[in-house]
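Student: Pasting a structure here, questions to come.
The values are calculated or read from the model by the stated rules, or taken from the named source; none is laboratory data. In this text the structure is predicted, and so the values were computed from the model without any measurement. Here the Cβ positions follow ideal geometry from the backbone for every residue, glycine too, while neighbour counts run over all protein chains shown. Keep in mind that these areas ignore ligands, DNA and RNA; they rest on the heavy atoms of the full protein, side chains included. Shrake-Rupley method; radii C 1.70, N 1.55, O 1.52, S 1.80 Å.
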Amino acid sequence: MLPATSPAAPGGARAWWDRVTRLLPWVVDLAVVGAVGVVALIDVVQLSGALAAEKALAGLAAVALAGARRWAALPALALLVAGTVGLAVLATSVVGDPGIPALAPIVAVAALSTPVVRRQPALVAAGAAAAGAVAVASVATWPSEPPVRIVATGLLGGAYALGVGAGVYLRHLDGERLRAADAARRSERIDIARELHDLVAHYITGIVVQAQAAQVVADRDPAAAGAALERIEGAGRDALTAMRGMVGTLRGTADRAPTAPPAGLAALDDLAGLEDLVARSRRTGLPVTLGISAEAGETARGATAAATHRIVQEALTNVHRHAVDPTRVDVAVRVVDGHLVVTVADDGRLPLGPDPTAALAGGGFGLIGMAERAEALGGRLVAGPAVPPEQGWRVEAVLPAMASVGR
């Protein structure tokens, strides 16, 4: 199993921060239920006419169904639409003044329309939006004074338009995010495919050299020839494992993260290249420090070393482009529980903008590329801002030792 890691500060602060983040959707749900509840109270204060009891029940139902927006939004919307239209039809047939229209059910319909339009298939979302519009239009048929009808229809229609518009906008953002992520993954796989020659050359060259050496010493030193054949067997097995994983990455059909190494193995067979990478970053003005444990230097070979180099390279590029006034960038490579842990952390301020964390993640694409590299080895990558009061950004990859890949 991969060791548990965190992209941010030590101790329980990250766990606390994660819990707060997970609670935010429920806070939004409570706010929606509270808003519908306030409108329901307005309905109760205005209760009068022949349908007072029915409108009170409709308000209670609206509050209850608004709470189902996260786990049963579509059925809740259908029930509210049916109830609202039914109440309007009933209002036209009662004897006496039915009073003002029931407001809470329409507000709940507007609130439910957002998740329905955002998450349902296109045809279902369109049908649900049309049904909601019918419910809003039913307010115009309410047998009350014309000014009341006009004002109620305008206000509720505006609220419904905002709900549907928010759903359409969020649906568009979700689609753009998915398309951008797919494009980034395709680009990363194309990059891996282009470097397939390096992978083949790395292993096959070693096999050829060992085979030639075995031929030379076969007659006078059979033991040495046997040892060479064992090394050839191991190199061939590693080559097959890496090739299988790379094909799985390019096809995108593996049930789990593929076990292929990223490219560049011929030039990045150990961690020595990190020194040059850090030195180049220092020349650009980044205050980078590098720490490689002795065990990590012995463990990281071939695919693991190449992935480490690429992840550090991308992380430092993101710091250089997006971090504001960093005074420290720490690159650490160590072994934890038999796995290689690669960490790049800085103390720069987050950039200004509507989504500063997306910028430090490389607009989403750099982070996806780094994650692809880690997953190509059966590892994982986490990234995120430091937990307040600390500042900065942290990227951490957990990679299996090269000796364990495919075994």
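Student: Can you tell me which of (1) under 15 Å from Ala88 (Cβ atoms); (2) touching a Phe, Trp or Tyr at 6+ places or on another chain (Cβ under 9 Å); (3) open to solvent by 40 Å² or more (accessible area, probe 1.4 Å) is the one Arg118 doesn't meet?
Tutor: Going through (1) under 15 Å from Ala88 (Cβ atoms); (2) touching a Phe, Trp or Tyr at 6+ places or on another chain (Cβ under 9 Å); (3) open to solvent by 40 Å² or more (accessible area, probe 1.4 Å) one by one, Arg118 breaks only (1).
Student: Right, here's the next one. Please find, within the stretch 310-329, the residue that is surrounded by the most Cβ atoms within 10 Å (Cβ to Cβ) out of those that are of a type in the set (D, E, K, R) and either within 21 Å of Gly379 (Cα to Cα) or over 26 Å from the mean Cα position of the chain (by Cα) (or both).
Tutor: Quick first cut of the stretch 310-329, residues of a type in the set (D, E, K, R) only: 310, 314, 321, 325, 328.
Then drop every residue that is not either within 21 Å of Gly379 (Cα to Cα) or over 26 Å from the mean Cα position of the chain (by Cα) (or both), which leaves 310, 314, 325, 328.
Working: Arg310: 24, Glu314: 19, Asp325: 7, Arg328: 13.
Among them, the one singled out is Arg310.
Student: For the stretch 321-339, enumerate the residues that are out of contact with any strand residue (DSSP E or B) (no Cβ under 9 Å at 6 or more places or on another chain) and assigned to a helix (DSSP H, G or I). Before the answer, list the steps.
Tutor: Restricting attention to the stretch 321-339, the residues satisfying the condition of being out of contact with any strand residue (DSSP E or B) (no Cβ under 9 Å at 6 or more places or on another chain) are 321, 337.
Hit for the stretch 321-339 is Arg321, nothing else.
Student: Just checking, how many residues over the stretch 287-309 are open to solvent by 40 Å² or more (accessible area, probe 1.4 Å), outside any loop (DSSP other than H, G, I, E, B) and either over 28 Å from Gly348 (Cα atoms) or in contact (Cβ under 8 Å) with a residue 60 or more places away in the chain (or both)?
Tutor: So the answer is 3.
Student: Applying the selection to the stretch 108-158, what residues are more than 28 Å from the chain's Cα centre (by Cα), not acidic (Asp, Glu) and not in a helix (DSSP H, G or I)?
Tutor: Once the filter is applied, which keeps residues that are more than 28 Å from the chain's Cα centre (by Cα), not acidic (Asp, Glu) and not in a helix (DSSP H, G or I), the stretch 108-158 yields Trp142, Pro143, Ser144.
Student: Another question, then. If you scan the stretch 130-154, which residues turn out to be open to solvent by 20 Å² or more (accessible area, probe 1.4 Å), free of Cβ contacts under 8 Å to residues at least 40 places away in the same chain and under 21 Å from Val117 (Cα atoms)?
Tutor: Those that are open to solvent by 20 Å² or more (accessible area, probe 1.4 Å), free of Cβ contacts under 8 Å to residues at least 40 places away in the same chain and under 21 Å from Val117 (Cα atoms): Ala130, Ala133, Ala137.
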